[in-house]
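> Right, I'll just put the structure down here and ask away after.
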Amino acid sequence: MSSVLTEPRTSAPYVTLRVSPVLELTDEQFFNLCQINRDLRLERTAEGDIIVMPPTGGETGNRNQEVNRQLGNWTRQDGSGASFDSSTGFSLPDGSDRSPDAAWISHARLSGLTAEQKKKFIPLCPDFVIELLSPSDELADVHAEMAEYIANGARLGWLIDPEERRVLVYRPGAAVEELKNITQVSGNPELPGFTLDLHEIWEPKL
């Protein structure tokens, strides 16, 4: 599996700003910073570094939309949780702030949040996360991000690699599983009944 996670990609388009310990932003300040820079997708590492990511390209945006459409449709039918798109921020237990391409959290966990908490970055790690690898992403970086979600409490994670037509599956206490040349992937048992159709992910209709 090590070779799977270290394949070279082109240089990542994002910029990492190392601001700590010169500048220590509170959660409120970082949230406000994101609000006044809506054209950028900002994340924050557990060490306080700010990651600046520009808008995605057309194919990646179309694939993201398709992933969220399918997850949203299942979420509505299932009724046991809520799904979120890539514009949603999550404050993880380790102090980082992340925005996966798609996420899902059970209503049982969301019910413990106040109305004010739901308006800002959600102070929970999602139960389920999806990241879509774009052509310019470094696989090792996104793999580390997926491992971070699992370490912070996610029960299931998918890293979808359209270029290689594969899905890397992450679960707590288990080795990363590679599913190659598949046309669908199942969320069972963590998300009973959810199956992601990959046809339009592999070949987006633009």
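> Search the range 139-168 for residues that are under 15 Å from Glu190 (Cβ atoms) and pair each with any residue that is of a type in the set (Ser, Thr, Tyr) and surrounded by 19 or more Cβ atoms within 10 Å (Cβ to Cβ) when their beta-carbon atoms are under 9 Å apart and the residues are at least 6 apart or on different chains.
Met146/Tyr170; Tyr149/Tyr170; Ile150/Tyr170; Ala154/Tyr170; Leu156/Tyr170; Gly157/Tyr149; Gly157/Tyr170; Trp158/Tyr170
> Could you look through the range 133-174, keep only residues that are hydrophobic (A, V, I, L, M, F, W, C) and out of contact with any Asp or Glu (no Cβ under 8 Å at 6 or more places or on another chain), and pick out the one that is farthest from Val67 (Cα to Cα)?
Of the residues in the range 133-174, the ones hydrophobic (A, V, I, L, M, F, W, C) are 133, 139-140, 142, 144, 146-147, 150-151, 154, 156, 158-160, 167-169, 174.
Add one more test, that the residue is out of contact with any Asp or Glu (no Cβ under 8 Å at 6 or more places or on another chain), and what stays is 140, 144, 147, 150, 174.
On the way: Ala140: 22, Ala144: 21, Ala147: 21, Ile150: 20, Ala174: 24 Å.
Going through the qualifying residues, I end up with Ala174.
> If you don't mind, another one. Taking interchain pairs and intrachain pairs at least six residues apart, which have beta carbon atoms under 6 angstrom, with the first residue in the range 26-37 and under 10 Å from Phe121 (Cβ atoms) and the second of a type in the set (A, V, I, L, M)?
Cys34/Leu42
> Residues that are at pLDDT 90 or above and out of contact with any Asp or Glu (no Cβ under 7 Å at 6 or more places or on another chain): list the strands (runs of 3 or more DSSP E) wholly contained in the range 20-124 that include at least 3 such residues.
In the range 20-124, the matching strands (runs of 3 or more DSSP E) lie at 81-85.
> For the range 147-182, which residues satisfy the criterion of being surrounded by 11 or more Cβ atoms within 10 Å (Cβ to Cβ) and assigned to a loop (DSSP other than H, G, I, E, B)?
Scanning the range 147-182 gives Asn152, Gly153, Ala154, Arg155, Pro162, Glu163, Glu164, Arg165, Arg171, Pro172, Val176, Ile182.
> Among all residue pairs at least 6 apart or on different chains, which show Cβ distances below 9 Å where the first residue, located in the range 50-68, is farther than 18 Å from Arg38 by Cα and the second is among the acidic types (Asp, Glu) and in a helix (DSSP H, G or I)?
Asn62/Glu200; Arg63/Glu200; Glu66/Glu200
The values are calculated or read from the model by the stated rules, or taken from the named source; none is laboratory data. This one's a predicted model, so the numbers in the text were calculated from it and none came from an experiment. No Cβ is skipped: glycine too gets one built from the backbone with ideal geometry, and neighbour counts run over all protein chains shown.
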